[in-house]
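The values are calculated or read from the model by the stated rules, or taken from the named source; none is laboratory data. All values derive from a computational prediction rather than experimental measurement. Quick reminder, even Gly has a Cβ in these numbers, built from the backbone with ideal geometry, and neighbours come from all protein chains shown. Just the protein is used for accessible areas: all its heavy atoms, side chains included, with ligands, DNA and RNA removed. Shrake-Rupley method; radii C 1.70, N 1.55, O 1.52, S 1.80 Å.
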Amino acid sequence: MSNPADFTVVEASTQLRARSLSAVELAEACLARIRERDGTHSFEGDPGSINAWIRVYADDALAAAAAADERLARGGAPALCGIPIGLKDIYAVAGKPLTASSRLLDEVPERSCDVWERLEAEGMVLLGHLHTHEFAAGGTTDQVGNPWALDRSAGGSSGGSGAALAVRMTPAATGTDTAGSLRIPSAFCGTSTIKPTRGLVSMRGIVPLAESLDHAGPMARTVEDCALLLAGMAGEGGAVEARPLAGLRLGVSSRLGELDPDVAAGFETTLARCLGLGAELVEALPARETLDDWVAVLLSDMLRYHRRFDGRRELYRPSIRGFVESAEAMEPVDYDGLQKQRLVDAEHWERWFAAERVAALLEPTVPDVAWLRGPGYDEAGSDVALISLTHHWDWTGQPAVALPVGLGAESGLPVGVSLIGPAGSDWELLALGIALQAELGVPAL
């Protein structure tokens with residue numbers, strides 16, 4: 001039998017429900033993989049470790065797996081029962097530390113976040129908490145090494161999640177996305193995700209970065225797995241089947257800018273595959289540049305949360321301290337006016353999708369392959385190039401599925417592409433992503 005740690009969520013669920021694999025065996029395999037491959041579970045990390053996990057709850061995981069086996073034996077258990085998962089270290093779990101990979105936060109919540117309450121009720125098995133860029137405020141998570149090349153960033157802010165999935169320490173993980181924090185690590189690590197429509201997944205009990213921009217979502221190796229996880233996180237939806245691309249109109253982004261050669265080649269390959277599958281490609285309308293407005297809202301929201309740490313700012317990493325200081329120094333902004341502008345920008349896309357009968361918009365997820373690891377905590381905004389494409393969809397709130405295209409010919413590193421759809425089209429977008437992934441494949445270490 002294959003090592004159970006190598007199973008996808010869907011594969012593991014099938015085996016568990018057939019009783020050809022036990023939840024305890026699956027949890028033990030994942031815990032063994034963590035011991036073999038993760039290296040240190042430390043705050044700083046080290047050059048020779050992946051260091052995806054900040055805390056592992058082995059005894060609790062085995063106990064939860066045993067309970068899942070009892071539930072599975074009775075029959076009628078949910079599809080996610082017995083599936084191991086890692087939570088980004090901003091998802092509250094009752095009785096467990098919550099630190100946001102920071103020296104400043106040290107809480108033990110009495111109540112779990114809504115997402116974990118739902119997934120725990122489904123019978124999922126919590127392996128531990130995964131590293132984030134401190135307070136989810138960056139795109140590199142430099143204490144985590146990219147499994148494809150340890151000297152490279154795993155992306156951020158959900159870098160621990162992306163790395164743990166790529167090296168098959170867990171079949172499922174969670175993340176959040178305020179500027180691209182689900183999608184950047186997925187692109188850098190060769191995994192899949194969906195940034196859901198704003199509000200589809202509850203943020204209650206998740207440490208905020210910017211409350212009005214934050215999105216919570218699933219991460220996994222395949223889009224099909226993400227669909228199953230999203231249904232559990234959102235409390236709606238279910239199994240999603242591939243939707244053929246033949247006859248569909250797909251938009252091609254006009255916001256590309258300068259792309260790394262491997263990213264550009266991967267995007268062209270994706271477009272060619274879509275044409276080969278019978279899709280029609282149409283050029284997207286130019287979009288208003290929203291980065292400055294996004295920054296103003298981000299800093300305004302961020303400052304409200306981080307006021308609680310006044311007087312202890314020396315404990316921040318430099319980049320996070322810089323964000324807070326920039327927020328304080330910022331000229332007063334028309335916050336209500338900016339939020340109204342967001343609605344205008346979102347409506348721009350809703351009208352275009354409807355008028356052009358476009359099922360999804362295609363664009364590269366990130367303009368670069370994985371950056372060298374190291375400087376992401378040095379200065380606030382030093383990683384702004386990573387969010388040049390992704391931040392816009394947090395601003396407008398439309399869903400975005402991100403999936404790998406393959407490995408770059410020059411770098412040997414993963415390259416990703418995104419499908420963006422109108423608000424509320426999450427399940428249809430996942431169906432398209434499943435079909436496209438069947439054509440593009442999933443890179444494996």
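Kindly provide the set of residues from the stretch 412-430 that are assigned to a helix (DSSP H, G or I) and either free of Cβ contacts under 8 Å to residues at least 12 places away in the same chain or open to solvent by 10 Å² or more (accessible area, probe 1.4 Å) (or both), ordered by number.
Correct list: 427, 428.
Just checking, does the stretch 152-173 include any residue being more than 22 Å from residue 39 (Cα to Cα), open to solvent by less than 20 Å² (accessible area, probe 1.4 Å), touching a strand residue (DSSP E or B) at 6+ places or on another chain (Cβ under 8 Å) and assigned to a loop (DSSP other than H, G, I, E, B)? First the steps, then the outcome.
Filtering the stretch 152-173 down to residues more than 22 Å from residue 39 (Cα to Cα) leaves none.
Checked against the condition, which is being more than 22 Å from residue 39 (Cα to Cα), open to solvent by less than 20 Å² (accessible area, probe 1.4 Å), touching a strand residue (DSSP E or B) at 6+ places or on another chain (Cβ under 8 Å) and assigned to a loop (DSSP other than H, G, I, E, B), the stretch 152-173 yields no hits at all.
Any chance the stretch 62-77 includes a residue that's modelled with pLDDT of 95 or more and within 30 Å of residue 374 (Cβ to Cβ)?
Among the residues of the stretch 62-77, not one is modelled with pLDDT of 95 or more and within 30 Å of residue 374 (Cβ to Cβ), which makes the answer no.
So residue 256 passes all but one of these: (1) free of Cβ contacts under 8 Å to residues at least 12 places away in the same chain; (2) surrounded by fewer than 18 Cβ atoms within 10 Å (Cβ to Cβ). Which condition number does it fail?
(1)
Conditions: (1) of a type outside the set (D, E, K, R); (2) in a loop (DSSP other than H, G, I, E, B); (3) modelled with pLDDT of 95 or more; (4) open to solvent by 20 Å² or more (accessible area, probe 1.4 Å). Residue 81 meets all but one. Number of the miss?
For residue 81, the exception is condition (4).
Looking only at residues that are charged (D, E, K, R) and open to solvent by 10 Å² or more (accessible area, probe 1.4 Å) in the stretch 84-111, which one is nearest to residue 61 (Cα to Cα)?
It comes out as 96.
Here's a check for you: in the stretch 381-411, which residue that is more than 18 Å from residue 343 (Cβ to Cβ) and in a helix (DSSP H, G or I) is least open to solvent (accessible area, probe 1.4 Å)? Even if it seems obvious, please write down each step before you answer.
Residues of the stretch 381-411 that are more than 18 Å from residue 343 (Cβ to Cβ), as a first pass: 381-390, 400-411.
Now drop any that are not in a helix (DSSP H, G or I), which leaves 384-387.
Values: 384: 66, 385: 46, 386: 0, 387: 21 Å².
Going through the qualifying residues, I end up with 386.
Open to solvent by 10 Å² or more (accessible area, probe 1.4 Å) and modelled with pLDDT under 95: does that describe residue 114?
No; evaluated as a whole, the condition is false for this residue.
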